[in-house]
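J.: I have a structure here, written as structure tokens, and I will follow up with some questions on it.
The values are calculated or read from the model by the stated rules, or taken from the named source; none is laboratory data. Treat the numbers as computed from the prediction; the structure is a model and nothing was measured. Virtual Cβ from ideal backbone geometry, glycine too; neighbours counted across all protein chains shown.
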Amino acid sequence: MSDAFTVLWTHDTCRALRRSGRVGERPPVAFSGAHSSLPAWAGARSGDEVYALHVNRREVFVVSRMRVIDMERRDCCGTTPATWEDAAYPGHGDWSMLGAGGCGATAVHVDATPVRFDAPLPGDLLARLTWRNRRGQTRGLKYVVDGRLEKSVSLQGFYRLTPEAADELAEAVGSVVPLM
């Protein structure tokens, strides 16, 4: 059975996506890292769903829903860098803002929905979202006040959703009108 996760994309990442004209396009890759500058996609396997979230003005948006294909370096990634000055993933230069230059970055090939910033999650859903850790303990989203997120700290990282929360999030994302 596949799992579902959330990952928070920063304002810098989302700004770079907008600036480079990636809104409406499907990312073929995301990046995991060993350093705190990039979320480590620990526990994700082929077939798992990952919801890239963004918080703007206390609203939470699903920027893209990604299904993990693999976490291997492929021909599409380009040549392996010979020196530290070389680009880590020259084949994915169009999507480098997703963390290609991060410390210890590894490519995660994905089948994704188009990048978008126009559909916030319903506030009542935020209060019901839950995540579980490897020991099976669950936690909710902190700092939700009147359906709005006051602080994004409990979203920062890569976290496994509970099956119930994953179903609700999938339903919410599925009900969003597709981009034209």
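J.: Condition first: part of a loop (DSSP other than H, G, I, E, B) and in contact with a Lys or Arg (Cβ under 9 Å, 6 or more places away or on another chain). Now tell me which residues in the stretch 106-140 satisfy that.
T.: Applying the first criterion (part of a loop (DSSP other than H, G, I, E, B)) to the stretch 106-140 yields 113-114, 116-119, 121-122, 129, 133-137.
Result: Thr113, Pro114, Phe117, Asn133, Arg134.
J.: Here is a list of conditions, (1) closer than 21 Å to Trp131 by Cβ; (2) crowded, with 16+ Cβ neighbours inside 10 Å; (3) at pLDDT 90 or above, and Ile69 meets all of them except one; can you say which number that is?
T.: Every listed condition holds for Ile69 apart from (1).
J.: Just checking, does the stretch 83-95 include any residue being within 22 Å of Phe5 (Cβ to Cβ) and not hydrophobic (A, V, I, L, M, F, W, C)? Reasoning before the result, please.
T.: Here is the first cut: in the stretch 83-95, the residues within 22 Å of Phe5 (Cβ to Cβ) are 89, 92, 95.
Going one step further and asking which of them are not hydrophobic (A, V, I, L, M, F, W, C), we end up with 89, 92.
Scanning the stretch 83-95 turns up at least one residue that is within 22 Å of Phe5 (Cβ to Cβ) and not hydrophobic (A, V, I, L, M, F, W, C).
J.: State which residue pairs qualify: first residue over 30 Å from Leu53 (Cβ atoms) and inside the stretch 77-100, second residue of a type in the set (D, E, K, R) and buried (at least 21 other Cβ atoms within 10 Å of the Cβ) in any location, beta carbons under 8 Å apart, and separation of 6 or more residues or different chains.
T.: none
J.: Quick one: which of Ala100, Ala105, Ala112, Ala88 is within 25 Å of Ala42 (Cβ to Cβ), touching a helix residue (DSSP H, G or I) at 6+ places or on another chain (Cβ under 8 Å) and crowded, with 18+ Cβ neighbours inside 10 Å?
T.: Ala100
J.: For the subset of the stretch 2-38 comprising residues that are among the aliphatic types (A, V, I, L, M) and more than 23 Å from Arg132 (Cα to Cα), which member is nearest to the chain's Cα centre (by Cα)?
T.: Val29
J.: Could you tell me whether the stretch 4-13 includes any residue that is in a loop (DSSP other than H, G, I, E, B), buried (at least 22 other Cβ atoms within 10 Å of the Cβ) and of a type outside the set (A, V, I, L, M, F, W, C)?
T.: no
J.: Hey, could you check the stretch 141-165 for residues that are within 17 Å of Phe5 (Cα to Cα), at pLDDT below 95 and of a type in the set (Gly, Ala, Ser) and say which is surrounded by the fewest Cβ atoms within 10 Å (Cβ to Cβ)?
T.: That would be Gly157.
J.: Which one of Ala16, Ala30, Ala52, Ala40 is in contact (Cβ under 8 Å) with a residue 24 or more places away in the chain, assigned to a helix (DSSP H, G or I) and surrounded by 15 or more Cβ atoms within 10 Å (Cβ to Cβ)? First the steps, then the outcome.
T.: On the way: Ala30 fails: assigned to a helix (DSSP H, G or I); Ala52 fails: assigned to a helix (DSSP H, G or I); Ala40 fails: assigned to a helix (DSSP H, G or I).
After applying the criteria, what remains is Ala16.
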